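J.: Shown below is the structure under consideration.
Throughout, read-outs are computed from the coordinates displayed, never taken from laboratory work. Because the structure is predicted, anything quoted here is derived from the model rather than measured. Glycine gets a Cβ as well: all are built from the backbone with ideal geometry, and neighbour counts include every protein chain shown.
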Amino acid sequence: DAKTTQPTSMDCAEGRAANLPCNHSTISGNEYVYWYRQIHSQGPQYIIHGLKNNETNEMASLIITEDRKSSTLILPHATLRDTAVYYCIVRVGGGANDYKLSFGAGTTVTVRA
Amino acid sequence: DAGITQSPRHKVTETGTPVTLRCHQTENHRYMYWYRQDPGHGLRLIHYSYGVKDTDKGEVSDGYSVSRSKTEDFLLTLESATSSQTSVYFCAITSSQRQEQYFGPGTRLTVT
């Protein structure tokens with residue numbers, strides 16, 4: 001699976017949009033971009049994933065560049081409960097016989113009141 | 001929470017004793033995983049299973065064994081616990097229809 005690079009940490013203001021970048025310049029054509037987050041002491045939580053089209057769900061939006069070498073997770077209206085470590089993961093999807101995830105260090109996001 | 005429970009949630013044990021952690025799921029998912037999480041290392045895959053009696057090693061499998069005799073249970077065993085196995089252990093399942101992985105609440109294990 002391709003390697004990802006994320007900033008170590010970032011702050012954002014409550015109520016504002018949080019934009020979390022991720023670089024994955026070696027991504028292959030059949031690799032998906034996944035985002036998970038981990039709130040302190042809890043198990044990681046799935047947020048969203050995509051292949052090449054932008055995706056949106058009730059939690060967030062995922063914007064993938066046209067060359068697929070980077071992506072941005074957008075939390076539209078950050079709340080204090082969004083304070084967590086956010087992981088960007090690239091892995092082969094769609095028919096693979098396992099779904100192992102490789103977690104890096106992630107981005108520690110702190111939402112401030 | 002995808003119906004995943006882990007037991008025990010906390011355990012303190014002595015070096016050299018055997019320990020078994022249990023992961024239980026209620027939704028009949030095929031794929032199950034054990035990860036450990038340590039400060040500075042993120043989550044690392046220990047073992048995983050792709051069906052009853054079908055298991056394979058992850059990146060940090062030394063000192064651990066697993067068993068899956070029925071779909072709903074995935075057991076992680078430390079045959080002889082060492083202090084380096086002090087960690088938080090997370091179980092996960094994959095929803096193959098949606099390719100999302102769901103994690104249990106974790107087990108905090110301390111080996112003294």
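J.: How would the stretch B:1-60 be classified by its alpha-carbon gyration tensor: rounded, prolate or oblate, with rounded meaning a/c under 1.5 and the a/b versus b/c comparison settling the rest?
T.: Prolate is the answer for the stretch B:1-60, as a/c is 1.5 or above and a/b outweighs b/c.
J.: On to the next question. For the stretch A:23-113, which GluC sites (Glu not before Pro) are both in a DSSP coil and crowded by at most 12 other Cβ atoms within 10 Å?
T.: Passing both the DSSP loop test and the Cβ count: A:Glu58, A:Glu66.
J.: Using θ = phi - 60° and the Karplus relation 6.51 cos²θ - 1.76 cosθ + 1.60, list the HN-Hα couplings for the stretch A:46-53 in order, rounded to whole Hz, with x at every Gly or Pro.
T.: 5, 10, 6, 8, x, 9, 9, 8
J.: I need the semi-axes of the equivalent ellipsoid of the protein assembly as shown: take the C-alpha gyration tensor, multiply each eigenvalue by 5, square-root it, list largest first in whole angstrom.
T.: 31, 20, 15
J.: Can you give the three extents of the C-alpha atoms in chain B along their principal axes, from longest to shortest, in whole Å?
T.: The Cα atoms of chain B stretch 41, 28, 24 Å along the principal axes, largest first.
J.: Mind telling me which of B:Ser67, B:Ser80, B:Ser49 comes out most flexible in a GNM of chain B, alpha-carbon contacts under 10 Å?
T.: In the Gaussian network model the winner is B:Ser80.
J.: OK, next. Can you give the FRET efficiency for B:Lys11 and B:Asp54, using 1/(1 + (r/R0)^6), R0 = 25 Å, r = Cβ-Cβ distance, to the nearest 0.05?
T.: Calculated value: 0.40.
J.: Additional query: What FRET efficiency, computed as 1/(1 + (r/R0)^6) with R0 = 41 Å and r the Cβ-Cβ distance, is obtained for B:Ser67 and A:Glu14, rounded to the nearest 0.05?
T.: 0.35
J.: Moving on to the next point. From the Cα gyration tensor of chain A, with a ≥ b ≥ c the square roots of its eigenvalues, which class applies: rounded if a/c is under 1.5, or else prolate if a/b is larger than b/c, or else oblate?
T.: prolate
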